[in-house]
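Structure first, commentary second.
The values are calculated or read from the model by the stated rules, or taken from the named source; none is laboratory data. Worth saying up front: this structure is predicted, and the values here are computed from it rather than measured. Cβ coordinates were reconstructed from backbone atoms using ideal geometry, including for glycine residues, and neighbour counts include every protein chain displayed. Accessible surface areas use protein heavy atoms only, side chains included; no ligands, DNA or RNA. Shrake-Rupley method; radii C 1.70, N 1.55, O 1.52, S 1.80 Å.
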Amino acid sequence: MKKGVKAHGILVALRLLPYAVFVVVLVTFASLSSRFLQVQNFLNILVQAAPVAIAGIGMTFVLLTGGIDLSVGAVMYLSACILGVFFKSVAWPVGLLLMMACGSVWGALNAVFITRLRVVPFIVTLATLFIARGAALYLSNTKMIFLPKEVTGLNRLYWFGIPFAIWTLAVVLAVAWVILRETPFGRQIYAVGADPVAAEKAGLKVGRILFLVYCISGACAGMGGFVSITQVGAVSPSFALEREFAVIAAAVLGGTSLFGGRGGVGGTIFGAILIQTVNNGLVIINANPYIYPLVTAAIIFLAVLVDSLRERILKRLQARQIRVEEGGDARLASAPARLP
């Protein structure tokens, strides 16, 4: 039993590790700069984290099914280019819907290859990443695209003292939370991620569920791209470049498993804030720009390591529980599997 208690203790420690890292980050940057703890700076962190958090919510849906979407950054860029080249004069709510629709269509394209042709999600979305970014570079002629002030001015729009970006994130978070926690579709997503074969045998339409989650991921990427446009003011060839890594890291840091079946959108918000807090702190202390990729890589490595360790421990605990339920030897039942 001691080993079982130890395993559960390790699981708790792994769940708390990202929060401990967040506290260390706060203390470190606060000691290096007095500006870091200012209220306005924390508001800036929330605003700047919003695009990654919104795209991360869509990514959470995909990860919960055991899939992955590497094309989200390229979809943000492509949908922004389509808006800037063909629909520059539309009202901003229409522009937002257009970018979400563009992202959703791209997500549907990913889903067709994954569900119909049975291609591995990693390969499909890696390919569509390059296709989408190449198409966007062609549409923009590799030039910077400027959008009207009606769009770029949204970054200065406040309702009840809360910026537009945070309002948008709050709405997406609320809708996603309700879908995952309060609807049959949300429970079906978790079931598919936990065991797609068992889910299909239980009568769930796994292909349709996967199709919808990739559409949701694309739509969230489009919305995240729109919010990002309001902050940067223009669409450059480097727009949302490699943003998919921050999006995935945010979801995993928040507790969503790369192996599917576990996680939630609330944790994704925390992961995005943690990543943006680190980036903000590096800027405030005027750190060497060449350090930024190293820090990002360390965060991604930490997220993957924690998730892998957690998954291995949970599998061993589950295997031991199965042996107990099957009426195995009492000594076997009381002696937990060895931890890695």
GLN188 vs. criteria over 15 Å from the mean Cα position of the chain (by Cα), surrounded by fewer than 18 Cβ atoms within 10 Å (Cβ to Cβ) and part of a helix (DSSP H, G or I): no
All positions within the stretch 33-71 that are among the small types (Gly, Ala, Ser) and more than 19 Å from PHE270 (Cβ to Cβ): SER33, SER34, GLY66, GLY67, SER71
Every pair of residues 6+ apart whose Cβ atoms lie under 9 Å, when the first sits in the stretch 15-39 and is under 30 Å from ARG310 (Cα atoms) and in a helix (DSSP H, G or I) while the second is open to solvent by 90 Å² or more (accessible area, probe 1.4 Å) and at pLDDT 90 or above: none
Condition check for VAL265: touching a Leu at 6+ places or on another chain (Cβ under 9 Å), open to solvent by less than 10 Å² (accessible area, probe 1.4 Å) and either polar (S, T, N, Q) or under 13 Å from LEU64 (Cα atoms) (or both): yes
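Kindly indicate which of ARG331, ARG338, ARG316 is in a loop (DSSP other than H, G, I, E, B), at pLDDT below 90 and among the charged types (D, E, K, R). It would help to see each step written out before you state the result.
Details: ARG331 fails: in a loop (DSSP other than H, G, I, E, B); ARG316 fails: in a loop (DSSP other than H, G, I, E, B).
Among ARG331, ARG338, ARG316, only ARG338 is in a loop (DSSP other than H, G, I, E, B), at pLDDT below 90 and among the charged types (D, E, K, R).
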Flag for GLY203 being open to solvent by 10 Å² or more (accessible area, probe 1.4 Å), more than 13 Å from the chain's Cα centre (by Cα) and either small (Gly, Ala, Ser) or modelled with pLDDT under 95 (or both): yes
Residue that is surrounded by the most Cβ atoms within 10 Å (Cβ to Cβ), among those in the stretch 206-225 that are among the small types (Gly, Ala, Ser) and under 18 Å from VAL124 (Cβ atoms): ALA221
Residue match in the stretch 286-304 (condition: closer than 29 Å to LEU43 by Cβ, modelled with pLDDT of 90 or more, surrounded by 14 or more Cβ atoms within 10 Å (Cβ to Cβ) and among the hydroxyl-bearing types (Ser, Thr, Tyr)): no
Some residue of the stretch 167-184 being outside any helix (DSSP H, G or I) and open to solvent by 50 Å² or more (accessible area, probe 1.4 Å): no
Test: residue in the stretch 79-94 that is under 14 Å from VAL227 (Cα atoms) and under 15 Å from the mean Cα position of the chain (by Cα): no
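Would you list the helices (runs of 4 or more DSSP H) that sit entirely within the stretch 56-154 and hold 2 or more residues that are open to solvent by 20 Å² or more (accessible area, probe 1.4 Å) and at pLDDT 95 or above?
Fully inside the stretch 56-154 and qualifying: 92-111, 121-140.
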